[in-house]
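Undergrad: Handing you a structure now.
Since every read-out is calculated from the coordinates, none of them should be taken as a lab result. Nothing here was measured: the structure is a model prediction, and the numbers come from that model. Please note: Cβ atoms are built from the backbone with ideal geometry, for glycine as well, and neighbour counts cover all protein chains shown.
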Amino acid sequence: MAVDLIGKRMKTMFVFTVDVESRTHGDPRSDILGILPGYEERYGIEKIMGMLEAYQVRGTFFLNVYEAAKHGEVAVAGTARLIHSRGHDLELHTHPRPMYPYYGVADAPFEDQVAIIKEGASLLQEWTGKKPVAHRAGAFRANMDTLRACESIGLLADCSLSPGSLVSVPLIHDLGVSNLVRRIGKVWEIPVTYYHQLRVGRWHSKRILDIEGSSLLEIKRVTRWAVRQGLPTVCVLLHSFSLSRHGKPNWSVIRRLSSLFKWLQEEEGIEVCTIEQVCQQLTHDSIPLSVTEVPCTGLLLTWNRALLAWNDGWRNLFVAIAGIIGIAAVTLALAYLGLRMLKY
Ligand SMILES: [Zn+2]
C-alpha cells in the first residue's frame with residue numbers, strides 16, 4: 001500500500017475553495033457578482049453559493065479584501081457580509097497591491113507580511129464580526145515567512161501550496177510538491193490538489209484541480225484516488241468568475257459543477273467540508289505519513305477534455321486533432337496489417 005496510515009481512517013474531506021476577486025482590469029459587479037449584460041440571473045458568487053446550498057453543503061470563499069482601496073470599501077465589505085450571512089466560510093485572500101507596494105505577499109519581508117495579513121484579517125472581522133481562520137496568497141505567492149505570519153496572528157491554515165500551477169509557487173521550494181496536508185508550526189498547510197495528466201517514465205505534465213480546467217471525469221478520477229490513498233483533503237479551485245466567460249454564462253462549467261455536487265453526494269468515503277471544518281477535524285493521527293504517488297488521469301481523459309473544449313484555445317484544438325490523427329493512424333496500420341495477413 002502506498003500510504004502508511006497511523007490512527008483511525010477518516011473520510012476524505014472535499015473542499016470547494018473560491019478565490020473572490022476582480023481581475024486586473026475587471027469590475028467587481030461582473031467578476032464577483034456575475035452581473036452580465038442581457039442576463040437577469042447573476043453568475044457570480046451568489047450562483048456558486050446557491051448551487052452549494054442546493055446540496056446542503058458550504059464552500060470556502062477567499063476574499064481579496066485589498067480591493068477595497070481600488071473599488072471602495074462598501075463594495076468589498078458588502079461581498080464579505082453576503083458570503084458570511086449565508087453561512088459560508090469566509091477567509092482571507094491576499095493580492096496586496098492596491099494597499100501595499102507588493103505584487104504578492106511573499107514579495108514582502110516578514111514584518112510587512114504580518115502587517116498585510118493582520119490588516120486583511122482585521123477588515124474581515126470588522127465587516128462580519130468573525131475572525132478568519134485561513135489564508136490563501138494571491139497567485140499562490142506564499143513562502144515560509146507567510147506561514148509564520150499566519151501563525152503569528154493566530155490563523156489555523158494556509159491554502160497557498162499549489163503544486164499543479166503554471167505560475168511560480170515559492171512554497172514548493174520549501175515544502176516540495178505534495179497533495180498531503182501538513183502541519184508547519186501551528187498552521188495546517190492544505191494544498192490545492194494536483195495530478196499528472198500525462199506521465200511517461202520520469203517525465204510528467206502537472207495540472208491543478210480546477211473546475212474550469214479539469215473535466216468531470218478527471219475530478220472524479222483524482223477524488224477516487226484520494227479516497228483510496230486515505231488523503232484527508234481534496235481541494236478544488238474556483239474563482240468568483242468561474243461561471244461566466246466573455247460576458248456570458250459558462251454553461252459547460254455550470255453543468256460540470258452541478259454534476260460534481262450530485263456525484264459527491266452519492267460517493268462513499270467522502271464528505272464536502274469547508275476549510276474551517278477541515279481545521280476542526282484534522283488531527284495528526286488522521287494524516288497518512290506519506291503519499292508516494294500522484295494520480296495520473298492519462299491520455300484518454302486528457303484527449304476527452306480537449307475534445308469537449310476543442311474550440312477553447314489552440315492547445316485543446318491541437319490535442320483534439322492529434323488524438324484523432326493518432327486513432328486514424330492506428331486504425332490504418334491495423335487495417336494494413338490485417339490485409340497483409342489475409343494475403344499470406
Ligand atoms: Zn487571486
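Undergrad: Need the failing condition index for Met49 against (1) without any contact (Cβ under 8 Å) to a residue 40 or more places away in the chain; (2) assigned to a helix (DSSP H, G or I); (3) within 15 Å of the ligand (Cβ to nearest atom), just the number.
TA: Among (1) without any contact (Cβ under 8 Å) to a residue 40 or more places away in the chain; (2) assigned to a helix (DSSP H, G or I); (3) within 15 Å of the ligand (Cβ to nearest atom), the lone unmet condition for Met49 is (3).
Undergrad: I've got another one for you. Taking the condition free of Cβ contacts under 8 Å to residues at least 12 places away in the same chain and out of contact with any His (no Cβ under 9 Å at 6 or more places or on another chain), does Pro101 pass?
TA: yes
Undergrad: Go through Ser242, Ser252 for me and flag whichever is touching a helix residue (DSSP H, G or I) at 6+ places or on another chain (Cβ under 8 Å), of a type in the set (Ser, Thr, Tyr) and part of a helix (DSSP H, G or I).
TA: Ser252
Undergrad: Further question: Out of the residues in the range 60-77 that are over 24 Å from the mean Cα position of the chain (by Cα) and away from the ligand (no atom under 16 Å from the Cβ), which is nearest to Ser30 (Cα to Cα)?
TA: Among them, the one singled out is Ala75.
Undergrad: Take the residues in the range 136-156 that are within 16 Å of the ligand (Cβ to nearest atom) and free of Cβ contacts under 8 Å to residues at least 60 places away in the same chain, then tell me which one is farthest from the chain's Cα centre (by Cα).
TA: Thr146
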